[in-house]
């Protein structure tokens, strides 16, 4: 008998089986079990994600009003209309403003808050305070901020008057130049807390000794933040940026509650325009086409951000 | 061991699918029937109790019929109903809008023809109200409540300031001097939601040009770009704002905030509809009057329409039960209940001589009775008379006029395009 055909000791075979190695029959059994256990989740994705997506694509080629069994097929009419609809351009512009300002301000604010709380003893209570807005129902947030923005008795205008900036007081939600920014500020207030909590978790992995050493060497707060803390948390920063950015394409709730896209269409975003078209005008076909535009814009963005995140993760690992 | 694992996995799969299943509901074709009634929720607990008592009264008189009520906020009713109807799981009876909005349901075959019930039960109502739920010569609904647009005013404050009830807006410059001196405003309007502005346009057009003109506009016989329509938009969208007649910035406050300005006596007049009568009687600690929205140089005319209608689904399995329920909803008992409990105006005459009603509501009932009997002119309200495309263009466009993004001519042009698009 050759050395190459010597059987493994029984204890080693048992160990491998325990660790999931096992025989091919055992591995097949485990794979089948895994597939069966994953089946409910796959079924949910097929039912709640893929099926609606395929339906949406189908309806985007029809003039479906929401009623009647067989909507008329209109080919690319909805898509042609979308490219010539000036309100789509207006809404897209607002989405991009939301994405650029919302992502950058929210990220920077959340990161700085996280670093300050992380490096300050006894500041954990602030973690709860900043996170609380995220758990409030959107309707409650909308009602409260409508009061804050009230032109006569709202807290914002009163505060501006107290500090001598009364000339800046206005009807925030009714001013076409400021309505979108006012809603965006509300959204940033709501979402910064959750980003902050994610960053706090990431800061737990930062090498504190390096930070202390830099401090001893005379590095200021911003220097330590930029050169030591940020590089060690960059993959998490990119992940949060991805989520925030994608959220900017599909933003709906807070705009709908506070201004419904108004005044006029000053704060209209793609999602509110799609909703208004589909359910306010019973133009499900065209409304669905507008909604698909959000998907068309989001997917490449998500892929790009995913690539950036993988790249930054590999660089962090020294690959 | 292998068999046990597979069984466990299958059990888990079955359990998760069971969690997603739904009940099939009652199924009757003869004998006792359960019908689903989808209607508007009230956030007033007293009214909710009264509503449930009203349903219970019907069930007591019809022990073989049970009514399962689903109540949703008004803003969600349309979307929820349409979603349920599309899925084939709609209610048997439901409240819904009237006019072109309901016509789209009728044209899609979603509504039951109520003509046979009208004949069988002899339902009586205002002719113009029945016309609002009749499409292509078929009546599909019964009117639920009539609503009038006009102007509520603070009687006590006007008297205190030595001002008469306004008979036209020509009086307003003088009124403004008085209200400014007293730190008050003239008109409460909150147009953050868009639809109150549409009603201001309705009132302005009809009060300045009359009911026949409004009907011609709705029918498309007069273009929206007609100068008289543009002038009416100019009046309430530009001139009133420039002249400072509105309390606060109307584009930045919502409907409820505007109401609070009236209740707190910061604004002495409140142009809105009669659905607010109950709220005004509860919240205003002063005497309130109700007049037509004035015209520029004349007293103006009321604008009216149906607040909603009640319809039956074409797919209902219980048409007989539905007919009896609709008959109850159109009865004098139910109409009296609407007046006394819900502060609503039914679309037919109801003897309220024995009812204990507030003075304001009595004024409104008298005005409605006179208008429906042809003793006073009233114009149809735009938002229940024109297609959705025009309504959306009006609400969005008037916000743009109020905030200076477009001028009245541009809004008129957009309305004309929307009318052609319908």
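The values are calculated or read from the model by the stated rules, or taken from the named source; none is laboratory data. Computed from a predicted model, the values in this text were never measured in an experiment. Using ideal geometry, Cβ is built from the backbone for each residue, glycine included, and neighbour counts are taken over all protein chains shown.
Go through the residues of region B:373-380 one by one and say whether even a single one is assigned to a helix (DSSP H, G or I), out of contact with any helix residue (DSSP H, G or I) (no Cβ under 6 Å at 6 or more places or on another chain), modelled with pLDDT under 90 and more than 14 Å from chain A (Cβ to nearest Cβ). Scanning region B:373-380 turns up no residue that is assigned to a helix (DSSP H, G or I), out of contact with any helix residue (DSSP H, G or I) (no Cβ under 6 Å at 6 or more places or on another chain), modelled with pLDDT under 90 and more than 14 Å from chain A (Cβ to nearest Cβ). Kindly provide the set of residues from region B:31-75 that are within 14 Å of another protein chain (Cβ to nearest Cβ) and either at pLDDT 85 or above or surrounded by 15 or more Cβ atoms within 10 Å (Cβ to Cβ) (or both), ordered by number. Listed by number, the list holds a single entry, B:73.
Find the residue count for region B:256-285, including only residues that are in contact (Cβ under 8 Å) with a residue 24 or more places away in the chain and over 12 Å from residue B:189 (Cβ atoms).
Of the residues in region B:256-285, the ones in contact (Cβ under 8 Å) with a residue 24 or more places away in the chain are B:256-259, B:261-262, B:265-278, B:280-281, B:283-284.
Narrowing further to those that are over 12 Å from residue B:189 (Cβ atoms): B:256, B:265-266, B:268, B:273-278, B:280-281, B:283-284.
Here the count works out to 14.
Given the condition at pLDDT 95 or above, more than 14 Å from chain B (Cβ to nearest Cβ) and not in a loop (DSSP other than H, G, I, E, B), answer yes or no: does some residue in region A:259-270 qualify? Yes: one or more hits.
Restricted to helices (runs of 4 or more DSSP H) entirely inside region B:89-151, those with at least 1 residues that are within 14 Å of another protein chain (Cβ to nearest Cβ) are B:100-107. Of the residues making up region B:98-131, those that are crowded, with 23+ Cβ neighbours inside 10 Å and within 27 Å of residue B:272 (Cβ to Cβ) are B:98, B:99, B:102, B:129.
Out of A:75, A:66, which single residue is more than 13 Å from chain B (Cβ to nearest Cβ) and assigned to a loop (DSSP other than H, G, I, E, B)? Walk me through it before giving the result.
On the way: A:66 fails: more than 13 Å from chain B (Cβ to nearest Cβ).
After ruling out the rest, the residue left standing is A:75.
Residue-wise test of (1) more than 14 Å from chain A (Cβ to nearest Cβ); (2) crowded, with 20+ Cβ neighbours inside 10 Å; (3) under 22 Å from residue B:197 (Cα atoms).
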| residue | (1), (2), (3) |
| --- | --- |
| B:346 | yes, yes, no |
| B:357 | yes, no, no |
| B:362 | yes, no, no |
| B:366 | yes, no, no |
| B:369 | yes, no, no |
| B:382 | yes, yes, yes |
| B:390 | no, yes, yes |
| B:393 | no, yes, yes |
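Contact annotation: residue pairs with Cβ atoms under 6 Å, 6 or more positions apart or on different chains, pairing a residue in region B:190-209 that is within 14 Å of residue B:377 (Cβ to Cβ) with a partner that is surrounded by fewer than 24 Cβ atoms within 10 Å (Cβ to Cβ), are B:207/B:295; B:208/B:295; B:208/B:296; B:209/B:228. Which members of region A:130-145 meet the condition of being in a helix (DSSP H, G or I) and either away from every other protein chain (no Cβ under 12 Å) or modelled with pLDDT of 95 or more (or both)? A:130, A:131, A:132, A:133, A:134, A:135, A:138, A:140, A:141, A:144, A:145 - these are the residues of region A:130-145 that are in a helix (DSSP H, G or I) and either away from every other protein chain (no Cβ under 12 Å) or modelled with pLDDT of 95 or more (or both). The single condition among (1) part of a helix (DSSP H, G or I); (2) touching a helix residue (DSSP H, G or I) at 6+ places or on another chain (Cβ under 8 Å); (3) modelled with pLDDT of 95 or more that residue B:360 does not meet is (3). For residue B:241, indicate whether it is closer than 24 Å to residue A:266 by Cα, touching a residue at least 24 places away in the same chain (Cβ under 8 Å) and within 23 Å of the chain's Cα centre (by Cα). When the stated conditions are applied, residue B:241 does not pass them. Return yes when residue A:107 is closer than 30 Å to residue A:181 by Cβ, within 14 Å of chain B (Cβ to nearest Cβ) and at pLDDT 90 or above and no when it is not. Here the answer is no, as residue A:107 does not meet what is asked.
Checked against (1) at pLDDT 85 or above; (2) within 11 Å of another protein chain (Cβ to nearest Cβ), residue B:78 meets all criteria but (1). Any residue at all in region B:324-338 that is within 16 Å of residue B:274 (Cβ to Cβ), more than 14 Å from chain A (Cβ to nearest Cβ), outside any loop (DSSP other than H, G, I, E, B) and in contact (Cβ under 8 Å) with a residue 12 or more places away in the chain? Looking for residues that are within 16 Å of residue B:274 (Cβ to Cβ), more than 14 Å from chain A (Cβ to nearest Cβ), outside any loop (DSSP other than H, G, I, E, B) and in contact (Cβ under 8 Å) with a residue 12 or more places away in the chain, one finds at least one in region B:324-338, hence yes.
Hey, can you tell me all the residues within region A:27-44 that are touching a helix residue (DSSP H, G or I) at 6+ places or on another chain (Cβ under 7 Å) and more than 9 Å from chain B (Cβ to nearest Cβ)? Within region A:27-44, none qualify. Taking (1) away from chain B (no Cβ under 14 Å); (2) closer than 28 Å to residue A:244 by Cβ; (3) surrounded by fewer than 20 Cβ atoms within 10 Å (Cβ to Cβ) in turn, residue A:217 satisfies each apart from (2). Check region B:138-155 and report whether any residue there is without any contact (Cβ under 8 Å) to a residue 24 or more places away in the chain, within 23 Å of the chain's Cα centre (by Cα) and under 23 Å from residue B:336 (Cα atoms). No, region B:138-155 has no match at all. Hey, does region A:199-209 have a residue that's part of a helix (DSSP H, G or I), away from chain B (no Cβ under 14 Å), in contact (Cβ under 8 Å) with a residue 40 or more places away in the chain and closer than 21 Å to residue A:136 by Cβ? Yes: one or more hits. Here region A:8-26 is the region considered, the condition is being at pLDDT below 60 and surrounded by fewer than 11 Cβ atoms within 10 Å (Cβ to Cβ), and the residue that is farthest from the other protein chains (Cβ to nearest Cβ) is A:8.
Might you check whether a residue that is under 21 Å from residue A:147 (Cβ atoms) and out of contact with any helix residue (DSSP H, G or I) (no Cβ under 7 Å at 6 or more places or on another chain) occurs anywhere in region B:243-253?
Initial filter on region B:243-253 (under 21 Å from residue A:147 (Cβ atoms)): B:246-253.
With the extra rule that they be out of contact with any helix residue (DSSP H, G or I) (no Cβ under 7 Å at 6 or more places or on another chain), the set shrinks to B:253.
The answer is yes, given that some residue of region B:243-253 is under 21 Å from residue A:147 (Cβ atoms) and out of contact with any helix residue (DSSP H, G or I) (no Cβ under 7 Å at 6 or more places or on another chain).
Being within 12 Å of another protein chain (Cβ to nearest Cβ) and crowded, with 16+ Cβ neighbours inside 10 Å is the filter here; which residues of region A:149-165 pass it? Steps first, answer last, please.
Quick first cut of region A:149-165, residues within 12 Å of another protein chain (Cβ to nearest Cβ) only: A:149-154, A:156-157.
Once the filter is applied, which keeps residues that are within 12 Å of another protein chain (Cβ to nearest Cβ) and crowded, with 16+ Cβ neighbours inside 10 Å, region A:149-165 yields A:149, A:150, A:151, A:152, A:154, A:156, A:157.
Among residues of region B:395-421 being part of a loop (DSSP other than H, G, I, E, B) and at the interface with another protein chain (Cβ under 9 Å from one of its Cβ atoms), the one that is surrounded by the fewest Cβ atoms within 10 Å (Cβ to Cβ) is B:404.
Inside region B:219-320, counting only strands (runs of 3 or more DSSP E) that do not spill past its ends, which hold 1 or more residues that are within 14 Å of chain A (Cβ to nearest Cβ)? Steps first, please.
Numbers: elements: B:267-273, B:288-291, B:302-312.
In region B:219-320, the matching strands (runs of 3 or more DSSP E) lie at B:267-273, B:302-312.
In region B:337-348, the count of residues that are under 30 Å from residue B:212 (Cβ atoms) and modelled with pLDDT of 95 or more is zero.
Scanning region A:166-187 for residues that are over 20 Å from residue B:248 (Cβ atoms) and not in a helix (DSSP H, G or I) returns no hits. Count of region B:180-193 residues, restricted to those that are buried (at least 24 other Cβ atoms within 10 Å of the Cβ) and either in a helix (DSSP H, G or I) or out of contact with any strand residue (DSSP E or B) (no Cβ under 7 Å at 6 or more places or on another chain) (or both), is 3.
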